[in-house]
Every structure is written in structure tokens, then in C-alpha cells.
Amino acid sequence: MHTKILFLVLLGACTGATASAAASSSKKSTDCAGAWTGTITYTRTQSQSDTTTVERVSGRGTDTRSWEMKLDYKASVVLTEAPAKDGSSIARATINHSFTTKQTNVAVERNSCDRGKTWQDMMGTFTSDMSITGSGKEEASVSIGLNSDGTYAISVGIPQIEGTMTGSERATYSGQCTPKKGKDLTLGPSPTRIEGQSLSSDGSHRIDPGDPNRLSGTYSLSLSGDAVETISWNLQRCGAPLRLIDLKFEDMKVPTWDAWQEISEQRGTIDGNWVKIRATVLNASGETKTGEVYLKETYKGDHWDGARPDAPLKDQTFTLTLEPGEEREIEMLWDSSGYAWYDDGRPRLVQRIKAEVWENYKKVDEMTRNVKVQPKPIVFVPGIWTEPARLDIYQNLLTTGHSYAWKACPVIDTSAHGTIAGEGTVRPSAANRSVYEHADNLHTYVNAIRGELNAWHVDMLGHSTGGLVARLYIHKQMETLPDNYPVVKHLMLAGTPNNGMPCADSVVYNFAFSDHPQTAKELLPDAMALFNQYVTQRKGTIFSALAGDSIPTLCGGPQWSDGYVSVESATYGIEDTTTLGATHNDLLDATAFTNYVRPHVVTGPRGTYPLAGK
């Protein structure tokens, strides 16, 4: 038995037939007389819940009823060419069904066991649940109808299958004057039948005149009780026997490693996230076929690099042997590090991934999908008295440098995620917290931002004492992830007193009549010596330092500084250093971003721009 599938020419709307259908078709659409092959997916989902509480007749308690139900039904239909090769197809469905329902009744009444001297809650909880599950492989029926105006409809019918029903009932009691024993009853398993399903699209989909032998689309229908039926199809006539029917991308949901989720083209992923590329190949012929699958990055369609040849994402080939009608999925793990940029520093707004199928040394099919790779967010850790308005410029700088997807995340004034208590004034108006307390808050903030943006890795800029907070966070709390990369890929320090401030003595003196000299005390050279003895771990994070050399100072000896922090202190213990003729506060301006921040975080997949190895 097989299902013969041809275009059905109709003058009106296409009927919703689920049986085999055949008819002559217009000349325009019958350049190919072969069979329709490919995949159709049918799903039916439903989820409901309800909770009701009513007062008991006695007036001394309540009855609460909670009920929930969930249905998931999926049939994956594969259409292959019939062995007779007479233009007909065979439709085989792989069916999975899961239905669960659960009801809980809780009765609570306040009663007395000693004639009203004392009162207590007496409770009974009654739970019942039932599930019906089943799976099978059955022949399905499919029809394809073409209207005279170029629209078409897809109909699919799925037969019933055998299933298994199980259930349980449970009762528990508490608070009764005489203890009451509960019960626990298990029902089943017992055989049952799972009804078949059918659905027809509404006939509004149109054939592409330029490719009349390929059909793809989706149709959904909402039913009563919050049920939704959907059919999706990807069909081709006279296509290659081995063909690609799906190409999709997944990344992991922070903070759970291996919690894979599909990446929508609109959402994209973050530079440095691992991406799982999944390509599905179908053998639409009636014979066993062997082929190879390659995954490549392609520049076709790119404004600047459209002439560049395709390049393999990895040196990896997938060889598949597929039986007639079999579909198989291959997957590749891809490190997206650097793919927010080209190797010459230009922003890469979209990445094009192409899958190719080859048979007998000849490419027989290909499929290209786009995935956005957005730059890692930059977490800004301000100095203890940084004015919040000084950080407002950074989102504009990042947006101009790439797109709005490049996020500036200033820790200041974000108490919901953990705050570095910036007070906007040199003379504190509230109690200063220690650098050590701020590191705890930074840890909370970084994890919140990573979850919010789904970024496994971030870059970080620490200004002034914020750089000390960042160093302590990396030493004390930052994770090294299962991919062996640190959470913070690059820490950029700007005007950070890494070796202390000899002039901090005068700051402490100015705060002699204040209750809050904590921050200034922590910057004294002796205190910073102890800090540096303790804070030593970098855990793979790349460190760099920016120092301002615009103002000479005599405190601690003649040397150049940014007005607060000397060049020697700002660059202490750091090999990768940059100097800029700027004051302490100007180390956060656009010039510093262009000359220091951007060169350290913008790099393509090869990591060669503009600082090799950074």
C-alpha cells in the first residue's frame, strides 16, 4: 500500500482530504513528473490548569481543588518515492503521544478533640493522576492540492496507534483525633488505543513560480480548550535523493551547562558561547544511499566579502549511510569566539552557515541559515566615587561600534543585581563598603547579567578602585567554565591604583572628622601590599592596564600621574599597558574607548586584530 501524491487542480478552495489524491495538473507546475518527497510534521499540544477553593459547609475550613492536564502529540511523516517510480510516494509516520492529568483535593477543617478546649486543623489530601503514552510507526495519508490561482493546501492523516494507560490514587491524613491511615493505589499499566489525527492547511500558501517543484510552510489551528494543531512541511519533487531538510542552531542556557535551547534568528547568540549546529539529511529514494555532510561558513551575499570562498567551520566530515526513507541528524559543536567581528575589525552583523550534502564526489544539496553572533557584553566596574553620568556615553559608543546588541552593563545604581555603591562625590555621604564587600556584589551582578543576556563570557572594564574590586572578584569568585575559559575573557583596568596611593594619607587626614574613611585607608601602600599578596589569581583572564600621564606629582617621589594615580601604580604587575595624556576621570571618555578599550575587545575568529594574541 502506498500514497500517490500529485498536484490536485481545483477551481475553488482546496478540500481537506486525508486520503490518497491524484489528478492532472497544469503545464506550468508539471515540468517535473516525479514523486513528492520530503517531510511533514504534525503536532497537537494542549495544556490546562485550574485551582478552586470553596468554604466548607461547617464554616470552619476550606476545600481546594487543583487540576492540570497536558497533551503532547507529534507525528513526523517522511515521504519517499515508491519503488515503482511511477510518480507516487510512500508516507510513513513516526508517532509519539503523551497525555497526563493530575487532580489534587485538599480538605482542611478546624475541629476540637476535647470538646472545645483546644482546636486544631484536620487535613485530608487526595491525589489522583493518569497518563496515556504511546509510540509507533505507521503508514500515513497525505494529499497535496493546487488551486488555479497558484495557492495550494497540504493535508495529512495519521492513523491510530496502541498505547498504555497508567494511574495512581493516594490519600493522606493529618491532625485527626484518631490517626487515620492513608492509602496508595497504583492502576495499570493497561493497553488502550490512541486516536489518529488529521489536519489540512487553509489553502492560502502559494507556490513560488520560480521553483514550482518545492513546497515549504507551516499552518496552525487553535481549537477549544487551548489546544493547538500545527503542520509543517518541506517537500520537493525531482530533488536529489539525499537532501537536507533542516538546519538549526542551539546554545546553552546560562547558568546550566548542557541545557541546550534553539537559537532563533531574531535572538542570536553571544560571542564566546558554544553553538550546536544540527543538520538533518533525508534519503528520499527507495534505495540505500551513502553521502557526506560538510558544514561551512559562507560569505555569499555579504556586501564586502561576497567573493570570498566558503571555508569549513571545522576540519570535520560526516559520512552517512541511510536506508530508504530514513532521516538522520548530524551535529557539530562550534566555538563562536570572535565571530561577532571580521578579522580586520569590522563588525559582523550576521554569520552565514551552510550545510552541503555530497554523493559520489558531487554536491547534491545545500542549505544556508543565518545566525547572529553578538559581541560579549562589557561590564563596567566604576570607582567608588564615580559619577554615574560618566558611564552614559558607553552604550552609544558600543552601539556605534557594532550595533545595539553590544551591551554596556554598568554596575553602578543597579541594586537589583548587586551594586557598587557609587556616590558621585569624593566626600562620602554614606558609609563606604570595603572592596571585599563590593567584590561579592560584583559576583552577583555578573551572574545576573550573564543570565539576562545568555552570555557565558563577558569582558570587563574596571576604573579606579573599581579595578581592585574586579581583580578581587576574579581571584575569589570567578568561575572557569567547562570549556576551560574564564567567565571574564578580558579585564581592562583604567587608572587603577594597583600599587596603592602614597597620597592616600592626605585623603585619610581630610576624612579625619568623617565616620567613613574606609576606602582611603585601603589605598595606603601598606594596605595595598597586603592586597597584592592575597589577590594573585587570574584564572586565564587577560589583564591590561591604562594609565594617565598628564599631571606630574611629587607625592611618593617625582612621577607622572592622572592627578590621582601614578603611572607606576596603574601599571603595577601588568605586562600589557597603555598610556594616555588624560586625567583620572577622562580615562572613561570616548578617546580612551577608541585607543584602549576597543582594541582590546574587538578581534575576529583568528584573534589577529589589532593585537595578536589578545
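General observations
- Once the chain from residue 170 to residue 84 is taken as fully extended at 0.36 nm per residue, the excess over their C-alpha distance is 25.2 nm.
- Exposure proxy ranking, count of Cβ atoms within 10 Å, fewest first, for 58, 232, 337: 58, 232, 337
- Neighbour cut-off at most 15 other Cβ (10 Å), DSSP loop, trypsin sites (Lys or Arg not before Pro), region 30-97: 56, 60, 85
- Neighbour-limited loop hits for GluC sites (Glu not before Pro), region 261-302 (at most 14 other Cβ within 10 Å; DSSP other than H, G, I, E, B): 265, 287
- With Cα atoms, 0 to 90° folded angle of helix 435-453 axis to the chain main axis: 20
- Listed by Cβ neighbour count within 10 Å, with the fewest neighbours leading, 456, 257 appear as 257, 456.
- Which of 288, 252, 83, positive extreme of dipole for the chain (C-beta unit charges): 83
- With a Förster radius of 22 Å applied to the C-beta separation of residue 67 and residue 96, the computed FRET efficiency comes to 0.35.
- Sorted by Cβ density within 10 Å, fewest first, the residues 475, 463, 303: 303, 475, 463
- Pairs of Cα atoms nearer than 8 Å and 6+ residues apart set the relative contact order; for the chain it is 9 percent.
- Label selected from [x] -0.39, -0.82, -0.99, -1.12; [y] -0.22, -0.57, -0.91, -1.30; [z] -0.37, -0.82, -1.11, -1.37, the criterion being log10 I(q)/I(0) by the Debye sum over Cα atoms at q = 0.05, 0.08, 0.10, 0.12 Å⁻¹ as computed here: [x]
- Reachable lysines, given that their alpha-carbon falls under 29 Å from the alpha-carbon of residue 102 and they are not under 8 places away in the same chain: 70, 74, 137, 180, 181, 183
- Beta bridges per DSSP, both residues in the chain: antiparallel share near 85 percent.
- Placing +1 on the Cβ of every Lys and Arg and -1 on the Cβ of every Asp and Glu, with no other charges, gives the chain a dipole of roughly 1060 debye about its Cα centre.
- Loop-located chymotrypsin sites (Phe, Trp or Tyr not before Pro) across region 266-367 with a Cβ neighbour count of 12 or fewer within 10 Å are 304, 361, with loop assigned by DSSP.
- From the alpha carbon centroid of region 86-103 to that of region 272-292 is 22 Å.
- Computed from the C-beta positions of residue 33 and residue 611 and an R0 of 51 Å, the FRET efficiency is 0.25 to the nearest 0.05.
- All lysines inside 22 Å of residue 539 as judged from Cα atoms, apart from same-chain residues fewer than 8 positions distant: 376, 476, 489, 614
- Between region 345-378 and region 559-585, the alpha-carbon center distance in angstrom: 43
- Candidate cross-link partners of residue 314 among the aspartates and glutamates, defined by an alpha-carbon separation under 13 Å and a same-chain spacing of 8 or more, comprise 297, 331, 335.
Every number in this text was worked out from the coordinates using simple rules, so none of it is lab data. What you see is a predicted model, and the numbers here were worked out from it, not measured in a lab. Cβ coordinates were reconstructed from backbone atoms using ideal geometry, including for glycine residues, and neighbour counts include every protein chain displayed.
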